[in-house]
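Heads up: the structure comes next, in structure tokens.
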Amino acid sequence: MISETLVRELLDSADDSALVLLEGRARVAGRAALDGEDLRGAVVVLTRADLVDRLGTTHPTPQDVTLMAASLDDAVGKLGG
């Protein structure tokens, strides 16, 4: 569910963006979208600021992106359980 592509997309997005879950799907959304009707009920998994803080950089290695995606995917998978 949480792929390397989504982690990279979040890193490359605006500072106020977040990785969210809605109806079993993950996506990156900006603050304006989060406040709108389309994402009502979405769960914020991680903000861009939190991601950068966890990675320690805005330019992580491909391996760090892979590990972060796997960690987030594991955490999200446990939410349903």
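The values are calculated or read from the model by the stated rules, or taken from the named source; none is laboratory data. Because the structure is predicted, anything quoted here is derived from the model rather than measured. A quick note on method: Cβ atoms are made from the backbone with ideal geometry, for glycine too, and the neighbour counts reach across all protein chains shown.
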Filtered residues of segment 32-79 (kept if charged (D, E, K, R) and surrounded by 13 or more Cβ atoms within 10 Å (Cβ to Cβ)): ARG48, ASP50, ARG54, ASP64, ASP73
Flag for THR5 being touching a residue at least 24 places away in the same chain (Cβ under 8 Å), polar (S, T, N, Q), more than 18 Å from LEU79 (Cβ to Cβ) and surrounded by fewer than 19 Cβ atoms within 10 Å (Cβ to Cβ): no
Which numbered condition ALA69 misses (of (1) touching a strand residue (DSSP E or B) at 6+ places or on another chain (Cβ under 9 Å); (2) modelled with pLDDT of 95 or more): (1)
Residue check, ARG25 out of contact with any strand residue (DSSP E or B) (no Cβ under 6 Å at 6 or more places or on another chain), modelled with pLDDT under 95 and either closer than 17 Å to ALA70 by Cα or of a type in the set (S, T, N, Q) (or both): yes
